[in-house]
Amino acid sequence: MKTARLACSIVALAMLTVPAAAQQQHDWQSHLADRLAQYGHRNWIVVADAAYPVQTSPGIETIVVDAELPDVLEVVLYGIGKAKHVSPAILLDAELPLVEERDARGITSYRTKLKKLLGKREAQSLAHEQIIDKLDKAGDKFRVLILKTNTLLPYSSVFMQLDCGYWDASAEKRLREKMAEAEKKQ
């Protein structure tokens, strides 16, 4: 019993010596890793700008991260890439390409960084309000993790609906065709 208390005291003391920002950094990354292990197709991960609203659907969880959006996105994409059971279907706000530098200083640089981070991954665009509605509906049945960053750029959030990492749309289509054929034969 004394050994357990001593161990807890040592851990607590060690945590006091780690800066709060470093603890928070570790916490969101650990949380992300935990969620990635749990999540499957139809779950969502969002890396959001600082003004992103807290949504009230029961499955939506928001974590405030003390970092810039591109840095968080890089960690998220790396984590999803390592998770063989899921892959991201990426959605961006349709408004993003239309935001002008004079209205949002740094938006041009952000778009360049985003393009580099996404690499060859395809991204679809949809109006911001439509994406929020999709998340709201998803949050009624599935889990959604929103990582809210310090980035102060409008329409810069990146939305990722997770899909199955080992089963693609063409395999699903073939399966559904076989099922339809089998049903006709009955």
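Observations on the structure shown:
- Condition met for LYS185 (at pLDDT 95 or above and among the basic types (Lys, Arg)): no
- Looking across segment 156-178, just one residue is crowded, with 16+ Cβ neighbours inside 10 Å and either modelled with pLDDT under 95 or over 15 Å from the mean Cα position of the chain (by Cα) (or both), and that is GLY165.
- Selection from segment 60-84 of residues that are within 23 Å of TRP167 (Cβ to Cβ) and buried (at least 18 other Cβ atoms within 10 Å of the Cβ): VAL76, LEU77, ILE80
- Scanning segment 122-143 for residues that are of a type in the set (D, E, K, R), outside any helix (DSSP H, G or I) and in contact (Cβ under 8 Å) with a residue 40 or more places away in the chain gives a single hit, ARG143.
- Looking across SER125, SER87, one residue alone is touching a strand residue (DSSP E or B) at 6+ places or on another chain (Cβ under 8 Å), farther than 19 Å from ASP49 by Cα and either surrounded by fewer than 17 Cβ atoms within 10 Å (Cβ to Cβ) or of a type in the set (Ser, Thr, Tyr) (or both). It is SER87.
- Unmet criterion (only one of (1) among the aliphatic types (A, V, I, L, M); (2) buried (at least 18 other Cβ atoms within 10 Å of the Cβ); (3) in contact with a Ser or Thr (Cβ under 6 Å, 6 or more places away or on another chain)) for ALA94: (2)
- Condition check for ARG42: in contact with a Lys or Arg (Cβ under 9 Å, 6 or more places away or on another chain), among the basic types (Lys, Arg), under 30 Å from LYS141 (Cβ atoms) and not in a loop (DSSP other than H, G, I, E, B): no
- Whether a residue is at positive phi and either buried (at least 16 other Cβ atoms within 10 Å of the Cβ) or out of contact with any strand residue (DSSP E or B) (no Cβ under 9 Å at 6 or more places or on another chain) (or both) was assessed, and TYR110 does not pass this test.
The values are calculated or read from the model by the stated rules, or taken from the named source; none is laboratory data. Just so it is clear, the model here is predicted, and its values are computed rather than measured. Glycine also receives a Cβ, built like all others from the backbone with ideal geometry; neighbour counts cover every protein chain displayed.
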